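Shown next, in structure tokens, is the structure this report addresses.
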């Protein structure tokens, strides 16, 4: 009775408090560097002066089985099974009073494709926690949505209002936005389309007019096109100023007809004072908007293209098909759920 006062009241969780046994044990955590989910089978504690701190999690199945069957003597500690606490990020969305979530700065270390893999491997609530965290960066959120498989795209848009869905779609690349809109229920499409900014809405509606399995349906309207009379030095300045990844530069004449394309390598080795249209490695490869997928794949393989220009009936450049668009279309559906990183 002369020592510290002991509170004998029933335990009550304090605001923002995370409980190791209830909230972390047997739950999944994110290993940031590896971009994968790990099971918190047990929690490793270490003495730090007069206090105890969490130093890591044990990812072996042994601790879980020991708790399940009541084994009294723990197996020998395997340091390789302990993951440092500083290298992981727990999910706390299920904690009633916690307003925490994975910090955006740490998640930014992962590629959008890795984040999409995590979302697909996690439960719906865990995936929603990741999506909510990256939502603080609209560009990153859109990039993650672009990498999600169709099922999860629909799943995470289902709980959003049409206005919120339009915000996500408006930040996505036009070709990916078109693909996602095509997967939405018919009743929502018109409402979401109407909420897109005018420029994006016009672009998406134009792309929706093409058959998805043709060059027009695969292409994106984001590309770099310059007048063929420009000096190479000025073309390089345009490439440097481009807001998106540039795989090739496409040249046009005075009436905007496509006259050829230059790979970045060809542009870099060309004399800077020469006209872009005089480059010796100028490619004449092009696709019509109605070219089928076979024609698209063969042309890009024959010419070793990373980006193929698409023209309309008058020869005007209207879009480009990139090599990742072709690879995406070639990947079988059963490959889209990779085993790696989905522990």
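The values are calculated or read from the model by the stated rules, or taken from the named source; none is laboratory data. Bear in mind that the values here come from a model prediction, so they are computed numbers and not experimental data. Note that each Cβ is placed from the backbone with ideal geometry, even for glycine, and that neighbours are counted across all protein chains shown.
Is it the case that residue 272 is more than 28 Å from the chain's Cα centre (by Cα), surrounded by 13 or more Cβ atoms within 10 Å (Cβ to Cβ), modelled with pLDDT of 90 or more and in the same structural domain as residue 233 (by TED's automatic domain parsing)? In short, no.
Scan region 256-278 residue by residue and report those that are touching a helix residue (DSSP H, G or I) at 6+ places or on another chain (Cβ under 8 Å), touching a residue at least 40 places away in the same chain (Cβ under 8 Å) and within 15 Å of residue 238 (Cβ to Cβ). Answer for region 256-278, where residues must be touching a helix residue (DSSP H, G or I) at 6+ places or on another chain (Cβ under 8 Å), touching a residue at least 40 places away in the same chain (Cβ under 8 Å) and within 15 Å of residue 238 (Cβ to Cβ): 272, 275, 276. Answer yes or no: is there a residue in region 205-228 that is surrounded by 13 or more Cβ atoms within 10 Å (Cβ to Cβ) and over 20 Å from residue 312 (Cα atoms). Taking every residue of region 205-228 in turn, none turns out to be surrounded by 13 or more Cβ atoms within 10 Å (Cβ to Cβ) and over 20 Å from residue 312 (Cα atoms).
Close Cβ contacts (under 7 Å, 6 or more residues apart or on different chains) running from residues in region 210-223 that are closer than 14 Å to residue 250 by Cβ to residues that are in a loop (DSSP other than H, G, I, E, B) comprise 220/173; 222/173; 222/244.
One line per residue, one yes/no per condition, for (1) surrounded by fewer than 17 Cβ atoms within 10 Å (Cβ to Cβ); (2) closer than 21 Å to residue 245 by Cα; (3) modelled with pLDDT under 95:
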{"residue": "292", "(1), (2), (3)": "yes, no, no"}
{"residue": "299", "(1), (2), (3)": "no, no, no"}
{"residue": "305", "(1), (2), (3)": "no, yes, yes"}
{"residue": "325", "(1), (2), (3)": "no, yes, yes"}
{"residue": "342", "(1), (2), (3)": "yes, no, yes"}
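Within the span defined as region 238-254, one or more residues are over 22 Å from the mean Cα position of the chain (by Cα), assigned to a loop (DSSP other than H, G, I, E, B) and either touching a residue at least 60 places away in the same chain (Cβ under 8 Å) or in the same structural domain as residue 274 (by TED's automatic domain parsing) (or both).
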